[in-house]
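Report on one structure; see the data block that follows.
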Amino acid sequence: MSADPTAVPAQRRTAQTCLYRVDVRPDGPDGSDEAATCALLRQISGVVDPDLVTVCRAACDACCESYDPTIDDLNPIVASQLYSLTEHVISLGGVDQCDVAKARRLQNWAERSLPAVAPDEDDAIDLGRQVRRDYSQVNIDSIVAHLPRPKEEVAQPVKQWMVGMTTAPRRMSTLQQSLESVIGGGWESPTLFVDGPVNLPDSAAPLQSCVRNPAVGAFPNYILSLSEMFMRDPNADAYLLVQDDAMLLSSPATRAYLESVLWPIDGPCIASLYCSAQYTQAAPGWYRFQGNWIWGAVAFVFSPEALKQVLNSRQVLEHRQQPDDQGLSLIDVVIGRIAQECEIPIYYPSPSLVQHIGTISTIWKTGRAVNQRRADQFLGDQIE
C-alpha cells in the first residue's frame, strides 16, 4: 500500500484508514503495541531508512485527532515527528537523500509548524502525565521485581551523592512536581541551577540555588551546572543532574536501589535513569547502550571519572560555537558523542526509572514532548 498525498479521506481519519500509515507491524513482545512507517515523513524528508521514519500507534492516533496533514501543511503531531527525525539525522551527520543542510531547513519548518501558546492560555497539558501517585511506600524489593539488578557485582559502590536540578521558565511549570519527586526519592538537598526568571515553589526555599540572569541557554546551563556540582563536592561518588520535567519514584527506595546497582564497572561510567520510547527493551533490566545516545538528558548520573572527561572534552567548546543557536541545545546528543569518543559506557534501565512530564520545551517554546521524548514504559506505572 502506498500513500497518495493528494487523496482526501471521505471521513475523519483513523489509524486504520490513514493513507500515510504503511508497513504496520507489532512493536511489542506480546504484539500489544503497533509501529508503522509514516509515508508522509518519508516523502517530506526523503529518508528511506524505515527505522528513522517509524512512528508508534499513539502518535498515529494523536495525528488523526488533529487536522489532515499534507506535504505542504504539517499538523502539530507531524511537525513534532519531523522535528525529532531531523534532530536524529543531524546527529548522524546526514543520511541518504537528506543531508544536514536539508535536515536543518526541515527542522526550522517543523518548529514553525508547532502550536504557539500565548502566556495566558492553557497549554493543553496531557493530564495523563500529571496524575500524582503516592510512591512513598514503594520498597526496594518492588523495584527489583520490575527492574532486576545487573548480574554483575557492583564494582564501585556509590555512597556519596551530589545532586542538581536545572530549571528554566516554562509556560506550564513542572518544577515543583519534579523537585518533590527527587526529594522524596531520597535526595533531600538537591542544588537548583536556575536559568532565567523562574518562580520557585515554596519547597525550593531551603535549597541552595544558583541563578543565571540573564539566562545563558539550556546547554550552557547544563555544562556550568556539572562544573559547579564538582566544585561544590569533588569527592562525590556519583553526580546526578536532573532536568525540571523529570518525575522519579518519590520513595527513598529509589536512592537505595541505585546504590545497589551503581557503579557496574571500574572507571568512567554514565547512567541514564530515563529510557525513552526509542530505547525500550523487550525484557526488563539494565542495558549498555550501543552507538551514539541521542534520546534524552532528562536524568543522567555521572561517575567522577566520566564527569571530568565530559567537562574536559573539546566537544563542549566546539558545540557551543555552533551557528544559529544550535549550541544552546542538544545536550543529550553532545553527551552521547563525548561518551562514544571517550569510550565511556552509558547504562540505562528498561523500564524507565524516570518519566518525562514536560509538554512545552524550554528551548523551543512550541516544542512538545511527544512520542519518543517520553518513556512508554515507566516503572511507576508498573508498580502496584
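The values are calculated or read from the model by the stated rules, or taken from the named source; none is laboratory data. All values derive from a computational prediction rather than experimental measurement. So basically every Cβ, Gly included, is an ideal-geometry build from the backbone, and we count neighbours across all protein chains shown. Just the protein is used for accessible areas: all its heavy atoms, side chains included, with ligands, DNA and RNA removed. Shrake-Rupley method; radii C 1.70, N 1.55, O 1.52, S 1.80 Å.
A few comments on the model shown:
- Residue, farthest from Tyr347 (Cα to Cα), within the range 267-297, restricted to residues that are in contact (Cβ under 8 Å) with a residue 60 or more places away in the chain and among the polar types (S, T, N, Q): Gln278
- Residue that is assigned to a loop (DSSP other than H, G, I, E, B), of a type outside the set (S, T, N, Q), farther than 20 Å from Asn221 by Cβ and touching a residue at least 40 places away in the same chain (Cβ under 8 Å), where the choices are Leu262, Leu258: Leu262
- Total residues in the range 34-45, condition touching a residue at least 40 places away in the same chain (Cβ under 8 Å) and crowded, with 17+ Cβ neighbours inside 10 Å: 4
- Residues (open to solvent by less than 10 Å² (accessible area, probe 1.4 Å), modelled with pLDDT of 95 or more and part of a helix (DSSP H, G or I)) located in the range 302-333: Ala306, Leu307, Val310
- Residue match in the range 123-136 (condition: at pLDDT below 50, farther than 20 Å from Ser352 by Cβ, in a loop (DSSP other than H, G, I, E, B) and open to solvent by 40 Å² or more (accessible area, probe 1.4 Å)): yes
- Residue list for the range 87-110, filter: of a type in the set (Asp, Glu), touching a residue at least 40 places away in the same chain (Cβ under 8 Å) and open to solvent by 60 Å² or more (accessible area, probe 1.4 Å): Asp96
- Taking first residues from the range 143-154 that are touching a residue at least 24 places away in the same chain (Cβ under 8 Å) and partners that are open to solvent by 50 Å² or more (accessible area, probe 1.4 Å), the Cβ contacts under 8 Å between residues at least 6 apart in sequence or on separate chains come to His146/Pro284; His146/Gln382; Leu147/Pro284; Pro148/Pro284.
Matching residues to (1) assigned to a helix (DSSP H, G or I); (2) in contact with a Cys (Cβ under 9 Å, 6 or more places away or on another chain); (3) closer than 19 Å to Val298 by Cβ:
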site: Glu152; (1), (2), (3): no, no, no
site: Lys159; (1), (2), (3): no, no, no
site: Gly186; (1), (2), (3): no, no, yes
site: Pro214; (1), (2), (3): no, no, no
site: Phe219; (1), (2), (3): yes, no, yes
site: Tyr222; (1), (2), (3): yes, no, yes
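- Every residue from the range 258-283 that is in contact with a strand residue (DSSP E or B) (Cβ under 8 Å, 6 or more places away or on another chain), open to solvent by 10 Å² or more (accessible area, probe 1.4 Å) and within 19 Å of Val154 (Cβ to Cβ): Pro264
- Residue match in the range 234-246 (condition: more than 30 Å from Val144 (Cα to Cα) and out of contact with any Ser or Thr (no Cβ under 6 Å at 6 or more places or on another chain)): yes
- Matching option when the condition is open to solvent by 10 Å² or more (accessible area, probe 1.4 Å), modelled with pLDDT under 85 and of a type in the set (Phe, Trp, Tyr), among Trp364, Trp295: Trp364
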